[in-house]
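Peer 1: Provided herewith is a single structure, encoded as structure tokens, for subsequent inquiry.
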Amino acid sequence: MGLEYIQLAPGFVKEVVETYENWDWKGPVPMKIQELMMVLRIEVTKLYDPGSWARQAEMPKVPGLRDTKLG
């Protein structure tokens, strides 16, 4: 199974391609490209390590804070 199975919203892909084409490579990586890399990492993890999401769901949750004010 390859990356061709990853489906992204066409509008998002268009924005990323435009950002990439307009990037002058002198500054930091534009936010759209960072977002794309995050999405790709998530999708690749789901494809090649399908149990990772179940393991994360089983991790203990941080307890919520209670309001300790009186009355």
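The values are calculated or read from the model by the stated rules, or taken from the named source; none is laboratory data. Everything numeric in this text was worked out from a predicted model, so none of it was measured. All accessible areas refer to the heavy atoms of the entire protein, side chains included, with ligands and DNA or RNA removed. Shrake-Rupley method; radii C 1.70, N 1.55, O 1.52, S 1.80 Å.
Peer 1: Quick check on region 11-19. Is at least one of its residues open to solvent by 60 Å² or more (accessible area, probe 1.4 Å), in a helix (DSSP H, G or I) and of a type in the set (Phe, Trp, Tyr)?
Peer 2: No, every residue in region 11-19 fails to be open to solvent by 60 Å² or more (accessible area, probe 1.4 Å), in a helix (DSSP H, G or I) and of a type in the set (Phe, Trp, Tyr).
Peer 1: Just a yes or no: is a residue in region 55-70 over 18 Å from the mean Cα position of the chain (by Cα), charged (D, E, K, R), part of a loop (DSSP other than H, G, I, E, B) and modelled with pLDDT of 80 or more?
Peer 2: Of region 55-70, the ones over 18 Å from the mean Cα position of the chain (by Cα) are 58-70.
Okay, now just the ones that are also charged (D, E, K, R), so 58, 61, 66-67, 69.
Then drop every residue that is not part of a loop (DSSP other than H, G, I, E, B), which leaves 61, 66-67, 69.
After this cut, where a residue has to be modelled with pLDDT of 80 or more as well, the list is none.
No; the residues of region 55-70 include none that is over 18 Å from the mean Cα position of the chain (by Cα), charged (D, E, K, R), part of a loop (DSSP other than H, G, I, E, B) and modelled with pLDDT of 80 or more.
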